[in-house]
Every structure is written in C-alpha cells, then in structure tokens.
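Peer 1: The structure that follows is given in the form of structure tokens.
The values are calculated or read from the model by the stated rules, or taken from the named source; none is laboratory data. Bear in mind that the values here come from a model prediction, so they are computed numbers and not experimental data. Don't worry about glycine lacking a Cβ; one is built from the backbone with ideal geometry, like all the others, and counts go over all protein chains shown.
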Amino acid sequence: MSAVAILVTTVDSAENARALARAVLDARLAACVQITSASSHYVWKDEVCETQELLLQMKHRADDYAALAALVRRLHCYETPEILRVDVAEADPAYAAWVMESTRRA
C-alpha cells in the first residue's frame, strides 16, 4: 500500500479554497481537503504582513505528490504559493485504505 501524505497550502478567500479543493478532489489526487481559518504573519517583499487566510490540508497518496503539487501550483492565486508535503509516519490502516480507494483512478 502506498504511503499517505498531506499537502498544505493557504489561499486568500473561501471561493479560492472551494475551487482548489473541488479541482483536486475531481482529479482524484486527494481523498479529503480540510479548510480552516488562519491568521498568517509573514515577511513578503521586505514587509511584515498579517493576513487572514484559509489553510488547506489535502490528504493524498505520497506517490501522487508531484501531480497534486503541479495542479495546486497551476490553479493557485498567489505569486509564490505555500506548497508543503508532510509525510505521515503512520496512519490507521482503515484510514490509509480509504485514502487509497478514494484516489484510485482508472
């Protein structure tokens, strides 16, 4: 069984979050996308910024990371999007099986 990983990104609006979530789910590159509010504090172009964003956590097959990251990058609204891969050290076998089944493509 392939390993499970999580792609993390942030976007600027609920509309962009929903569109990105729908695109990755429709492509079967993620089994689940969780969207939560985040107060982000960061440095951008030598300025300290504080922004309300939405954090997306996409549960996916680790083997699909490159394709998922490419889709996120292509559809993302930011000039330099956060695209992080978090490898899951261990997952409940039933959950991992569900991720694999949900991302199975013909």
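Peer 1: From the list Cys77, Cys49, which residue is surrounded by fewer than 16 Cβ atoms within 10 Å (Cβ to Cβ), touching a Phe, Trp or Tyr at 6+ places or on another chain (Cβ under 7 Å) and hydrophobic (A, V, I, L, M, F, W, C)?
Peer 2: Details: Cys77 fails: touching a Phe, Trp or Tyr at 6+ places or on another chain (Cβ under 7 Å).
The match here is Cys49.
Peer 1: With (1) at pLDDT below 95; (2) buried (at least 16 other Cβ atoms within 10 Å of the Cβ) as the list, and Ile83 as the residue in question, which single condition is left unmet?
Peer 2: So the condition that Ile83 fails would be (1).
Peer 1: Can you tell me which residue in the stretch 1-28 is surrounded by the most Cβ atoms within 10 Å (Cβ to Cβ), limited to those that are closer than 22 Å to Asp92 by Cα and touching a strand residue (DSSP E or B) at 6+ places or on another chain (Cβ under 6 Å)?
Peer 2: Initial filter on the stretch 1-28 (closer than 22 Å to Asp92 by Cα): 1-8, 25, 28.
Now drop any that are not touching a strand residue (DSSP E or B) at 6+ places or on another chain (Cβ under 6 Å), which leaves 2, 5-8.
Working: Ser2: 13, Ala5: 20, Ile6: 19, Leu7: 24, Val8: 15.
Ranking the qualifying residues of the stretch 1-28, first place goes to Leu7.
Peer 1: Could you tell me whether any residue of the stretch 51-72 is over 13 Å from Thr10 (Cβ atoms) and over 17 Å from the mean Cα position of the chain (by Cα)?
Peer 2: Keep residues of the stretch 51-72 that are over 13 Å from Thr10 (Cβ atoms), which gives 59-71.
Restricting the remaining residues to those that are over 17 Å from the mean Cα position of the chain (by Cα) gives none.
Within the stretch 51-72 (the criterion being over 13 Å from Thr10 (Cβ atoms) and over 17 Å from the mean Cα position of the chain (by Cα)), the answer is no, since none of the residues qualifies.
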